[in-house]
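Below is one structure, written out as C-alpha cells; comments come after it.
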Amino acid sequence: MLIDQWTFTLDGVTTPQATDVARVPRRRPLRIVAISAIVASILALLFVYPWWSLFIRPDWPTAVAVFGTVLFTALLIALPASMMLSHGHTDRDPVRLIGDALLGIIWVVFVWTLLGEVLRLGLLVGGVDDPFRSRIVAVAALIISALLLIWGYREAMRLPRIKQVDVTIPRLGAGMDKLRVVAITDTHFGPINREKWSERVIAAVNDLDADIVAHVGDIADGTVEQRLGQATPLASVEAGLARVYVTGNHEYFHEAQEWLDYMTSIGWDALHNRHLVVTKGGDRLVIAGVDDATALGSKLDGHGANFDMALAGSDPELPILMLAHQPKQVTQSASAGVDLQLAGHTHGGQIWPFNFLVKLDQPSVHGLTRHGERTQLYTSRGTGFWGPPFRVFAPSEITVLTLHRV
C-alpha cells in the first residue's frame, strides 16, 4: 500500500513534434534521476531516524549499538534489493515477500519511534535524565511496534468483517427498495498463497443473500495463470441479479484484458466502459462500470475510463450504480449524474497513519460521502491487502450496501 500510493508514471509523455525529439533523451534520464533521489531520500529517512533513535541516542553498550547498526544497514540494503529483483517477476514471489514484509516493518517502526518523542517529552518534564530516558523510549517503541506488527498480520490474513451500510437513493424505484449490493475489492491475490482465504471470503459473500455482487478491481498481482488458484473461488459467487466487475490499477500491471476475459469466462459481467440494466419488482437500475483511472496511461488498446461510453444508450431517468476503482473518479461520476459510485483502492490506508497521505490523493479514504446534489460515493477499505501483509487500524471488509428510496 505504501509504495502503491506513491506510484510514479514514467511513460506519460505524449509523442513529441519533430522539433522536440532532440530534447526527449535529456528529459527522461533527468526524471529518472529525480525519482531515484526522492526514493533514496524516503528510504534514508525511514531507516536512519529509527536507527539513531533506537540504538545510538540511548547510549547503549557498544555491542548493542554495533548490532543495531549492522541490522539496519542490512535491512536498508535488503529492502530495495528485494523490490528490484522481484519487480515484474512473479516467479520470484519469495523474494518479493521479503521486500513487502520489510516495507511494512520499517514503516511501523518509523512511525512509533517518531511518536516516542511524545513519551520522551513527558519523561523530560518528569525529570527523567538521559540515557535512561532515551532507553525507555527506545524499548517502548520496539515493544509497541512488535505488538502492532503481530496484530496487523492477523488482521491482514483474517476473514474480513461484514460491514453493513444503508444508502438512500431518492430515484430508486419502489421495487428496488432494500436492494442488497455486496462489494468486495482489492483482493490482491499475490505472492502469499491465499486459496483457503479466498474460499472463505466467497463462502461469506454467498451467505449474504446478495442481489448484486460487485468486485471493484485489483483482483490480483500477477497474471491469470499465476494467480488462478486464488481466483478460482470467484466462479462460485452467487447473486440474484448480477455479478459485476471492473478493473483496478493493478490489473494494468499484469494483463488487464486477460483478467476481463477470465471474469467473463466464469460468468461475471465485466463492465469495461459499459453498463447493464437489472430489473426487480418491476423497477430498473443501471449498473455501469469504467476502467481504472490509470488505464489510459497503460497504452493498452481500447482501455481508458470512459463514462460517456459506459452510459451510452442508458435511460437518464433510471438510477445509476457506478463501479469505478478509484474514489477520485467520483468527479466524473457526479458530472455523469451517477447516484452511487462504489470504489476501493485506498485500503483505508492499510497501515496507520498512511491514511493521511492517501487523503492527499483521494477525496475519500473510506466510508460513505456525498459529492454534489445527487452523487454518493462509497469507498471500501478493501477485502485483501497489497504488499506488506499487515493491516493496522484499517480493517478489511466485505461490504453490504442496502439501497433505500427514503
For this session: Could you calculate, for the chain, the ratio of the Cα radius of gyration to the Kirkwood radius, expressed as Rg to Rh?
Result: 1.03
Seminar exercise, completed: Between Ala235 and Lys196, the FRET efficiency computed from the C-beta separation at R0 = 22 Å comes out, to the nearest 0.05, as 0.85
Seminar exercise, completed: Exposure-ranked with fewest Cβ neighbours within 10 Å first, Trp52, Trp259, Trp60, Trp386 stand as Trp52, Trp60, Trp386, Trp259
For this session: Give the whole-number value, in cubic angstrom per residue, of the convex hull volume spanned by the C-alpha atoms of segment 96-179.
Result: 184 Å³
Exercise. Using the per-residue mean of other Cβ atoms lying within 10 Å as a proxy for protection, in what order, highest first, do the peptides 323-331, 294-302, 263-271, 34-42 fall?
Worked result: 323-331, 263-271, 294-302, 34-42
Problem set entry | At R0 = 35 Å, FRET efficiency that the Cβ-Cβ distance of Thr402 and Ile38 yields, to 0.05 | 0.20
Exercise. Using a cut-off of 26 Å between alpha-carbon atoms, which lysines can reach Lys328, once sequence neighbours fewer than 8 places away in the same chain are excluded?
Worked result: Lys163, Lys299, Lys359
Exercise. Along its principal axes, what span do the Cα atoms of segment 257-384 show, with the longest given first and each in whole Å?
Worked result: 45, 36, 25
For this session: Rounded to the nearest Å, what's the spacing between the alpha carbon centres of segment 171-237 and segment 50-129? Just the number, please.
Result: 36 Å
Exercise. In degrees, nearest 10, range 0 to 90: what is the angle between the Cα axis of helix 62-86 and the longest Cα principal axis of the chain?
Worked result: 30 degrees
Exercise. If the convex hull of the alpha-carbon atoms of segment 194-298 is projected onto planes in all directions, what is the mean projected area in square nanometres?
Worked result: 6.6 nm²
For this session: Would you work out if segment 141-240 is rounded, prolate or oblate? Take a ≥ b ≥ c from the square roots of the eigenvalues of the alpha-carbon gyration tensor; rounded if a/c is under 1.5, else prolate when a/b is larger than b/c, oblate otherwise.
Result: oblate
Exercise. Could you give the dipole magnitude of the chain about its Cα centre, charging the beta-carbon of Lys and Arg +1 and that of Asp and Glu -1, in debye to the nearest 20?
Worked result: 980 debye
Seminar exercise, completed: Longest principal axis of the chain (C-alpha) makes with the long axis of helix 132-157 (C-alpha) an angle, in degrees to the nearest 10, of 30 degrees
For this session: Round to the nearest 10 and give me the degree value, 0 to 90, for the angle of helix 195-206's Cα axis relative to the longest principal axis of the chain.
Result: 40 degrees
Exercise. In bins 10 Å wide, starting from 0, what share of all Cα pairs of segment 342-388 does each bin hold, as a percent?
Worked result: 28, 53, 16, 3
Exercise. Tally Lys and Arg at +1 and Asp and Glu at -1 over the other residues with C-beta under 12 Å from the C-beta of Gly337: what net charge comes out?
Worked result: -3
Problem set entry | Theoretical FRET efficiency, 1/(1+(r/R0)^6), r = Cβ-Cβ of Lys359 and Asp209, R0 41 Å, to 0.05 | 0.75
Exercise. By how many nm would the segment from Ala146 to Leu114 grow when fully extended, if each residue of separation counts as 0.36 nm and the alpha-carbon distance is taken off?
Worked result: 10.0 nm
Seminar exercise, completed: Expected sort for Glu255, Glu238 with the fewest Cβ neighbours (10 Å cutoff) up front is Glu238, Glu255
Exercise. Hey, which aspartates and glutamates would be in cross-link range of Lys178, C-alpha to C-alpha under 15 Å, not counting anything within fewer than 8 residues on its own chain?
Worked result: Asp166, Asp209, Asp211, Asp283
Exercise. Quick one: His345, His272, His404, fewest Cβ neighbours within 10 Å first, how do they rank?
Worked result: His404, His272, His345
Seminar exercise, completed: Rounded to the nearest 5, the percent of antiparallel DSSP beta bridges in the chain equals 35 percent
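Any read-out appearing in this document is the output of simple, stated calculations on the displayed coordinates, not a laboratory observation. This structure is a prediction, so every number in the text was calculated from the model and none was measured. Here Cβ is always computed from backbone atoms with ideal geometry, including for glycine, and neighbour counts include all displayed protein chains.
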